[in-house]
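Remarks on the structure that follows.
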Amino acid sequence: MLPKATRKKAEPEDENAGGRPFWSGTLTFGLVSVPVSLFPAARSNRTSLRMLGPDGQPLARKYFAENTGKDLDVDEVVRGYEVAKEKYVIVTDEELERLAPEKTRDIDLKQFVPAESIPPLYFERGYFLTPAAGSQKAYKLLAETMDESKLAGIATFVMRGKEYLVAIFSDKGILRAETMRFADELRSPADIGLPKKKEAPKATVSKFEKLIAGKSKKQFSPAKLTDKESDSLLKLVKKKQAKRSNVVKVDEEVDTDHKVVDLVSILKKSLSGKK
Amino acid sequence: MAARAIWKGELKLGATKVPVKLYSAVQDRTVRFHILDDRAKKRVKQHMIDPDSGDEVPNEEIQKGYEIEPGRYVILTKEDLENLEPPPSRDIDIVEFVPQAKISQQWYERPYYLGPDGDVKDYFALAEALQNTESEGIAHWVMRNKYYSGALRAVDDYLFLFTLRDANEVILADELTKPAGAAPTQKELAMAKQLVEMLEGEFKPKEYKDEYRERVMEFIEKKAKGRAPRLKAVKAKRKTAALDSVLAKSIASLRKEKRAA
């Protein structure tokens with residue numbers, strides 16, 4: 001495990017800075033509703049570097065208007081869809097929110113499928129679900145039922161201006177949502193222009209089968225998925241730190257957005273029902 | 001229209017090499033917006049400023065730093081970062097194979113198609129062998145100055161390479177504790193099981209459509225013509241009743257639906 005300070009701050013889209021959930025809403029199956037919160041199931045491991053000025057002062061990214069050169073605050077910019085060259089339709093947050101019919105704002109599990117039957121092509125990102133106060137029993141009921149039947153629940157729902165296809169898995173009594181790609185977001189071999197399948201000679205197939213058998217392991221060991229890039233970066237950082245070369249210190253108010261949060265402790269707290 | 005390969009490499013299984021081309025398997029259909037200057041309704045640009053003075057800092061004066069503790073940075077020069085880059089290579093090293101479904105969904109990041117580069121015989125033979133043995137290869141490779149870990153899999157006769165997340169990145173359920181609170185009763189569990197089984201089926205991905213995307217696009221088109229419809233405000237949520245009575249009602253209404261169908 002990397003020391004706490006080496007973890008990258010939360011990606012803006014994760015917005016788990018300060019321990020806030022990514023999303024809070026309702027999970028339903030049948031007429032049973034389970035109010036839940038979503039927290040990312042992965043930390044961003046990439047060692048992010050900060051942009052600094054000539055004196056080592058941390059810099060900020062800012063929008064500016066090209067014609068006037070004037071910096072713009074967030075309330076001076078809007079979201080626009082380009083309908084024709086340099087012609088935009090402005091769409092507000094409120095409109096995006098209102099465009100989602102009420103029933104689409106819940107994760108309504110209308111279907112359950114064998115948990116291992118979904119091809120990995122679909123999976124995008126994982127989130128743990130934690131029960132809201134008072135919904136622990138319904139949460140456990142769903143988790144235990146899915147665990148026993150080895151089923152995953154499927155739903156589509158709208159969150160933050162985007163519709164998501166999700167599969168909900170029960171993982172040792174804890175519910176986990178995996179967002180998935182829609183079928184029309186995956187290309188087919190024909191889309192790519194891959195050649196049609198040619199029957200391979202039996203001897204060649206069995207040569208590969210032997211190669212596979214010779215290197216087969218019973219279990220997957222994630223420890224092999226090391227991040228060499230971060231490792232070597234951290235090594236260099238240590239070396240430079242020891243030599244005190246290129247170390248700068250600036251007086252900086254600790255801004256809460258940049259504070260590193262420990263996702264595991266946030267999740268544990270949220271699962272235990274403590275605020 | 002055929003897609004362009006984004007990279008060329010060689011699958012390396014021991015002494016055997018299978019040349020392949022890599023293509024993205026994903027076609028993102030998210031509605032893309034631009035950030036506009038509200039006054040001029042023109043696209044904005046971004047630059048880096050010193051938050052204290054508000055002055056722009058030009059690119060050539062920007063340094064990159066790794067924060068070792070709040071407010072203390074180790075500067076990494078351009079040369080430092082270049083030296084950290086992995087040596088270029090075309091090899092996709094397949095280090096071992098595991099049975100399919102041993103890798104949990106959480107690890108998968110992005111799928112790529114592999115297509116044959118030249119000879120097709122080895123390509124389709126390897127795909128067939130992976131399918132016959134129901135196994136998946138664990139791969140390491142360097143692409144565009146970055147290290148990658150991934151999984152090699154055959155799906156419907158074609159080879160796929162998935163990038164996998166790093167070990168430090170994924171939070172496993174083992175690290176967490178189950179929620180506290182009262183356990184459901186046997187009766188409730190039996191009813192929930194019955195309910196879930198009534199909703200059980202096969203995974204048919206084409207049945208799920210991104211209707212919201214269509215709704216947003218339709219709204220944009222109408223607004224472009226100056227005929228934006230009035231949208232209803234979002235209402236607050238309602239509460240629900242006791243667990244066992246809700247379960248019984250759900251089962252009853254599903255039965256009714258099935259009978260009607």
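Please treat every number below as a calculation from the coordinates, not as lab data. Quick caveat: nothing in here was measured; it's all calculated off a predicted structure. Positions of Cβ are backbone-derived with ideal geometry, glycine not excepted, and every protein chain shown enters the neighbour counts.
Given the stretch A:116-177, report the % of alpha carbon pairs whose separation exceeds 15 Å.
55
Report Rg(Cα)/(2.2 N^0.38 Å) for chain B, keeping two decimals. Show your work: numbers first, answer last.
Working: Rg = 26.8 Å, N = 261, 2.2 N^0.38 = 18.2 Å.
Ratio of Cα Rg to 2.2 N^0.38 Å: 1.47.
Pop a pseudo-label 7 angstrom from the Cα along the beta-carbon direction at both B:Arg144 and B:Asp91 and give the gap in nm to one decimal.
2.3
So if R0 is 60 Å, what FRET efficiency would B:Met217 and B:Ala15 give, r being the distance between their Cβ atoms, rounded to the nearest 0.05? Intermediate values should be presented prior to the final figure.
On the way: r = 52 Å, r/R0 = 0.87.
It comes out at approximately 0.70.
Residue by residue through the stretch B:220-233, which ³J(HN,Hα) values in whole Hz follow from phi under the Karplus form 6.51 cos²θ - 1.76 cosθ + 1.60 (θ = phi - 60°), with glycine and proline marked x?
4, 4, 5, 5, 4, 8, x, 10, 5, x, 6, 10, 6, 5
Take the alpha-carbon centre of the stretch B:11-63, take the same for the stretch B:183-207, and report the distance between them in whole Å.
Using only Cα atoms, the two centres lie 43 Å from each other.
For the stretch B:98-209, compute Rh as the Kirkwood radius over C-alpha pairs and then the Stokes-Einstein diffusion coefficient at 25 °C and 0.890 mPa s; write the answer in µm²/s, rounded to an integer.
138
Describe numerically, in nm with one decimal, the distance between label points set 7 Å from Cα along Cα→Cβ at B:Trp7 and at B:Arg259.
5.9
Let me check I have the definition right: for the stretch A:13-96, take the eigenvalues of the Cα gyration tensor, multiply each by 5, take square roots. What are those semi-axes in whole Å, largest first?
Values: eigenvalues 234, 133, 24 Å².
Sorted largest first and rounded, they come to 34, 26, 11 Å.
Would you mind computing, in nm to one decimal, how far apart the modelled labels at B:Lys225 and A:Leu234 are, each placed 7 Å from Cα along Cα→Cβ?
5.8
With n ≥ 4 as the cut-off for DSSP H runs, can you work out [θ] at 222 nm for chain A, using -39500 (n - 2.57) per run divided by the number of residues, rounded to the nearest 500?
Result for chain A: -6500 deg cm²/dmol, rounded to the nearest 500.
Rounded to whole Å and sorted largest first, what semi-axes of the equivalent ellipsoid does the C-alpha gyration tensor of the stretch B:149-206 yield via the square root of 5 times each eigenvalue?
Taking √(5λ) for each Cα gyration eigenvalue gives 35, 24, 7 Å.
If you find the alpha carbon centre of the stretch A:124-150 and of the stretch A:156-227, how far apart are they in angstrom?
The stretch A:124-150 and the stretch A:156-227 have Cα centres spaced 24 Å from each other.
I need the fraction of alpha carbon pairs in chain A separated by more than 33 Å, rounded to a whole percent.
For chain A, the share of Cα pairs beyond 33 Å comes to 45 percent.
What does the average come to when, for each residue of peptide A:262-271, you count the partner chain Cβ atoms lying within 10 Å of its Cβ?
2
Filter the cross-link list A:Lys202/B:Lys17; B:Lys21/B:Lys206; A:Lys70/B:Lys64 down to pairs whose alpha-carbon distance in this structure exceeds 20 Å.
B:Lys21/B:Lys206; A:Lys70/B:Lys64
To check my understanding: the extent here is largest minus smallest coordinate of the Cα atoms along each principal axis. What are those three numbers for the protein assembly as shown, in Å, largest first?
73, 66, 51
Taking one equal scatterer on every alpha-carbon of the stretch A:176-273, how large is log10 of I(q)/I(0) by Debye at q = 0.10, 0.14, 0.24 1/Å?
-0.81, -1.10, -1.21
Given a cut-off of 21 Å, name the pairs among B:Lys178/B:Lys249; A:Lys140/B:Lys187; A:Lys103/B:Lys178; B:Lys8/B:Lys121; A:Lys87/B:Lys209 whose C-alpha atoms lie farther apart than that in the structure shown.
Numbers: B:Lys178/B:Lys249 28 Å; A:Lys140/B:Lys187 14 Å; A:Lys103/B:Lys178 29 Å; B:Lys8/B:Lys121 18 Å; A:Lys87/B:Lys209 29 Å.
Too far apart for the 21 Å limit: B:Lys178/B:Lys249; A:Lys103/B:Lys178; A:Lys87/B:Lys209.
May I ask you to list the residues of the stretch A:104-138 whose amide nitrogen lies under 15 Å from a point 7 Å from Cα along the Cα→beta-carbon direction of B:Ala182?
A:133-138
So for each of A:132-144, B:34-46 I average, over its residues, the number of other beta carbons within 10 Å; can you give me the resulting order with the highest mean first?
Ranking, from highest mean packing down: A:132-144, B:34-46.
At 222 nm, what value in deg cm²/dmol follows for chain B if DSSP H runs of at least 4 each add -39500 (n - 2.57) and the sum is divided by all its residues, to the nearest 500? Write down the numbers at each step before the final one.
On the way: 5 runs with 65 residues, N = 261.
Calculated at 222 nm, the ellipticity per residue is -8000 deg cm²/dmol.
Which FRET efficiency, nearest 0.05, do A:Ala203 and B:Glu202 yield, Cβ-Cβ r, R0 30 Å?
Once the sixth-power term is evaluated, E becomes 0.25.
Per residue of B:11-24, how many C-beta atoms from partner chains lie within 10 Å of its own C-beta, taken as a mean?
That average works out to 2.
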